[in-house]
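Read through the structure below, which is laid out as structure tokens, and then see the notes.
No value in this document is a laboratory result; all are computed from the given coordinates. The structure displayed is predicted, hence computed values, not measured ones. Methodologically, a virtual Cβ is constructed for each residue, glycine included, from the backbone with ideal geometry; neighbour enumeration extends over all protein chains shown.
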Amino acid sequence: MALSSEIIQEFNRAFKKARVSGEAEPTAMVLATSDGKGLVTSRTVLLKALDEDGFVFFTNTESGKGRQLQQCPRAAATFLWKASGCQVQLVGPVSQVSDEAADAYFSTRDRGSQVGAWASDQSRPLASREALMQRVAEVESRYDGIEVPRPPHWTGFVLSPESVEFWTQREFRLHDRFLYTLHAGQWKKQRLNP
Ligand SMILES: Cc1cc2nc3c(=O)[nH]c(=O)nc-3n(C[C@H](O)[C@H](O)[C@H](O)COP(=O)(O)O)c2cc1C
């Protein structure tokens, strides 16, 4: 179900405030995934796009999070914007972006990152730094003088929230919290106790 334009505007407003307040990595969000059997893990990823379908990040489908997203295609994500005193939380289903969208974003990455996406078996054990650099050299020679194609195991995912909460820091811990939730295709907005 699509995000409302009100939520997108609210997010963009808070994001801009974070950026002008000097937040070092305003696109960074902590993404929590699960194996669907009770194991929950989290890590930071970068937000690369936002539209009415949701929040897009890119990763390796064979990584820990990639494998969990196959087992349980739902996630939660939290942006912490300390400099502007804001937090945004998302919860909802996750799906893969189209191959075309993944190709389009991959082609904008610098060549080093494109090579790295092939060289790194993300989240698998690695014998040594040298072994990784050896793999980088192999990939570089494989694609010498030609474009690096997108690896089949590297793509984008879109988190399409069913709930979005905006938290703003206020005096005496009497913070503002606004929760948007999706019910039968309609977004509802509620104020929550801090
Ligand atoms: C600031 C920051 C941004 C990151 N951005 C990404 C990202 O966009 N995609 C990604 O796969 N990993 C990113 N990482 C690395 C992940 O946090 C994580 O180490 C990696 O994806 C493997 O996680 P997993 O084993 O849980 O799948 C980032 C790490 C940091 C600290």
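Can you tell me the equivalent ellipsoid semi-axes for the range 97-157? Use √(5λ) from the Cα gyration tensor, largest first, whole Å. Don't skip to the end; give the middle numbers.
Details: eigenvalues 91, 45, 11 Å².
In descending order, the three semi-axes are 21, 15, 8 Å.
Note down the net charge around Leu3, summing +1 for each Lys or Arg and -1 for each Asp or Glu among other residues with Cβ under 15 Å from its Cβ.
That works out to -4.
Report, by chain and number, residues whose modeled amide H sits under 5 Å from the one on Val97, excluding near sequence neighbours (fewer than 5 apart, same chain).
Under 5 Å from the amide H of Val97 lie the amide H atoms of Gly156, Phe157, Val158, each far enough along the sequence or on another chain.
Mind giving me the FRET efficiency for Leu46 and Asp144? R0 is 25 Å, r the Cβ-Cβ distance, nearest 0.05 is fine.
0.30
Could you tell me how many degrees, from 0 to 90 and to the nearest 10, lie between the Cα long axis of helix 5-20 and the main elongation axis, the longest principal axis, of the Cα atoms of the chain?
Approximately 70 degrees, to the nearest ten.
Using label points projected 7 Å from each Cα along Cα→Cβ, tell me how many nm separate Glu6 and Phe178, to one decimal.
Modelled inter-label distance: 0.8 nm.
With a sphere of radius 14 Å drawn around the Cβ of Arg19, what net charge do the other residues whose Cβ falls strictly inside it have (Lys, Arg +1; Asp, Glu -1)?
Net charge in that neighbourhood comes out at +2.
Order 51-57, 146-152 from most to least packed using the mean count of other Cβ atoms within 10 Å. Present the calculation step by step, with values, prior to reporting the outcome.
Working: 51-57: 18.6, 146-152: 13.7.
With the highest mean Cβ count within 10 Å placed first, the list reads 51-57, 146-152.
Once the convex hull of the alpha carbons of the chain is built, what does its volume come to per residue, in cubic angstrom?
Values: hull volume 29.2 nm³, N = 194.
Each residue corresponds to 151 Å³ of Cα convex hull volume.
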